[in-house]
């Protein structure tokens with residue numbers, strides 16, 4: 001499992017390096033994840049063979065503890081509780097309006113795309 005974690009962290013490190021070297025406006029871990037994806041696609045494989053077993057196990061282990069990664073962000077929010085309280089109404093309105101707009105855009109997109117899709121026939 002150590003080689004799998006090393007591969008994951010090597011991709012993250014490479015992503016960080018590329019982002020800093022070329023001043024890209026993308027987080028390094030996101031680019032690293034994309035590089036890992038490209039490496040897996042180039043490696044080939046279908047279905048269960050697409051991802052090596054050790055790499056899949058390491059990824060599942062990380063995903064199993066994903067909720068722990070939100071603790072620092074939550075603590076950071078509590079540090080600025082006074083700012084959140086002062087702007088509570090604005091934040092609530094912004095979240096509500098953006099949620100409604102996102103749902104409307106999704107529904108409209110689905111409606112437009114469903115009209116373009118060929119109708120299924122029951123043979």
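The values are calculated or read from the model by the stated rules, or taken from the named source; none is laboratory data. Note that the coordinates shown come from a computational prediction; the quantities given were computed from them, not determined experimentally. As a convention, Cβ positions derive from the backbone with ideal geometry for all residues, glycine included, and neighbour counts pool all protein chains shown.
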Inset, instruction - Out of 51, 41, report the one residue that is under 22 Å from the mean Cα position of the chain (by Cα), surrounded by fewer than 11 Cβ atoms within 10 Å (Cβ to Cβ) and assigned by TED's automatic domain parsing to the domain that holds residue 8. - result: 41
Legend entry - Matching option when the condition is farther than 23 Å from residue 3 by Cβ, out of contact with any strand residue (DSSP E or B) (no Cβ under 8 Å at 6 or more places or on another chain) and surrounded by fewer than 10 Cβ atoms within 10 Å (Cβ to Cβ), among 88, 104, 94, 73: 73
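Given 75, 83, 71, 100, which one is within 20 Å of the chain's Cα centre (by Cα) and either more than 27 Å from residue 13 (Cβ to Cβ) or without any contact (Cβ under 8 Å) to a residue 60 or more places away in the chain (or both)?
Working: 75 fails: within 20 Å of the chain's Cα centre (by Cα); 83 fails: within 20 Å of the chain's Cα centre (by Cα); 100 fails: within 20 Å of the chain's Cα centre (by Cα).
Among 75, 83, 71, 100, only 71 is within 20 Å of the chain's Cα centre (by Cα) and either more than 27 Å from residue 13 (Cβ to Cβ) or without any contact (Cβ under 8 Å) to a residue 60 or more places away in the chain (or both).
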